[in-house]
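Q: After the structure tokens below, expect a handful of questions from me.
Read-outs: derived from the displayed coordinates by stated rules, not from any lab. Computed from a predicted structure; not experimentally measured. FYI the Cβ positions are ideal-geometry reconstructions off the backbone, even for glycines, and counts take in every protein chain you see.
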Amino acid sequence: MAITTVLFDLDGTLLPMDQELFTKIYFKNLAARLAPLGYEPEKLIDTIWKGTYAMYTNTGETTNEEAFWKVFLSIYGEEAKKDEPEFEKFYQNEFVKAKDGCGFNPKAGKLVKELKEKGYKVALATNPLFPEIATYQRIQWAGLDADDFELITTYENSNYCKPNIDYFKDFLSRIDEKPENCLMVGNDAYEDMVAQKLGMKVFLLTHSLINDKDIDISIYPNGDFDDLRDYIMTL
């Protein structure tokens, strides 16, 4: 059966990214924003990593947003909830500096537009560890718009993260698609390619490859955006 829907990862896929540099800039500027409120940088960064882990391992009982803030407030106390607007201000003002840790590939946006013109449904299966405001900004950095996608996962609207297979089950349920009709495109040999276990076709983009588990990537269709386009046309 021909595919009808293409799911794209964002960071390292549609948006080229040096993860180490991006993370360094992100934490530096977030710490600077919150320091005047009494947040010591090292403890703050450690807390955010702990909150991230809570989202990453979320099994569906809460949204990822709730999972993050439960950890954050357990460390800083309930009174820290009043500082949540400062996070919003950070994303409105300083987060854009992290763009310096990202690249730009015009072929990404071009392919998304082409697929939509050909009648494919296109959705953004980015790991929902960031709030909507930060996710939508990164979409723009990639030369795209939120309206280009049927669904975009953010920490507000998601209860799971990749590589949990329930993330993909929930995603497909929300766009009303069957696995066999879908192609998952990503740059992580584990977190993205695990979608194959659900019956989805997969394609591994190798320009910003993440392969922490040393998986033999030859078992997956892989290559650059030109290779991806050619592959889709064969399905």
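Q: Equivalent ellipsoid semi-axes for region 107-235, as square roots of 5 times the alpha carbon gyration tensor eigenvalues: give them largest first, rounded to whole Å.
A: Rounded to whole Å, the semi-axes are 20, 18, 16.
Q: Given points 7 Å out from each Cα along the Cα-Cβ axis, report the residue 74 to residue 175 separation in nanometres with one decimal.
A: In this crude label model, residue 74 to residue 175 measures out at 3.3 nm.
Q: Taking the chain as a Gaussian network, where each spring joins two C-alpha atoms under 10 Å apart, which residue of 38, 51, 101 fluctuates the most?
A: Maximum among the listed residues: 38.
Q: A further question follows. Assuming R0 = 30 Å, can you tell me the calculated FRET efficiency for the pair residue 214 and residue 21, based on Cβ-Cβ distance, to the nearest 0.05?
A: Details: r = 23 Å, r/R0 = 0.78.
The pair residue 214/residue 21 has a calculated efficiency of 0.80.
Q: Follow-up question, since we're still on this one. Going through the cross-link list 118/213; 81/121; 70/113; 70/201; 118/178; 118/197, which pairs have a Cα-Cα distance over 29 Å in this structure? Intermediate results must be reported in sequence, preceding the final value.
A: Details: 118/213 36 Å; 81/121 38 Å; 70/113 39 Å; 70/201 36 Å; 118/178 19 Å; 118/197 27 Å.
Beyond 29 Å between Cα atoms: 118/213; 81/121; 70/113; 70/201.
Q: DSSP H helices in the chain with Cα extent of 15 Å or more along the helix axis and mean Kyte-Doolittle hydropathy at least -0.5?
A: Once both thresholds are applied, what remains is 19-34, 41-56, 64-76, 165-175.
Q: Taking Cα pairs under 8 Å and at least six residues apart, what relative contact order does the chain come out at, in percent? Spell out each step's value before the answer.
A: Working: 377 pairs, mean separation 63.7, N = 235.
Contact order relative to length: 27 percent.
Q: Here is a follow-up. When the chain is modelled as a GNM with alpha-carbon springs shorter than 10 Å, which of 12, 186, 103 fluctuates the most?
A: 103
Q: On a C-alpha basis, how far is the centre of region 90-168 from the centre of region 178-235 in Å? Whole number, if you could?
A: 17
Q: According to the Kirkwood expression over distinct Cα-Cα pairs, how big is the hydrodynamic radius of region 20-99, in Å? Provide the component values of the computation, followed by the final result.
A: Values: mean 1/r = 0.0760 Å⁻¹.
Evaluated over region 20-99, this radius sits at 13.2 Å.
Q: Give the Rg/Rh ratio for the chain, taking Rg as the radius of gyration of the Cα atoms and Rh as the Kirkwood radius, to two decimals.
A: Working: Rg = 17.9 Å, Rh = 18.4 Å.
Looking at the chain, the ratio lands at 0.98.
Q: Using a Gaussian network model of the chain with C-alpha springs under 10 Å, which one of 33, 174, 138 is most mobile by mean-square fluctuation?
A: 174
Q: Cβ under 13 Å from residue 124's Cβ, residue 124 left aside: what net charge do those residues give with Lys, Arg +1 and Asp, Glu -1? Each step should come with its number before you reach the end.
A: Working: positive: 116, 121, 138, 162, 174; negative: 9, 11, 132, 145, 147, 148, 150, 192.
Charge balance in the 13 Å sphere: -3.
Q: Can I ask one more? Give me 225, 68 sorted ascending by neighbouring Cβ count inside 10 Å, so fewest comes first.
A: Fewest to most other Cβ atoms nearby, the residues stand as 225, 68.
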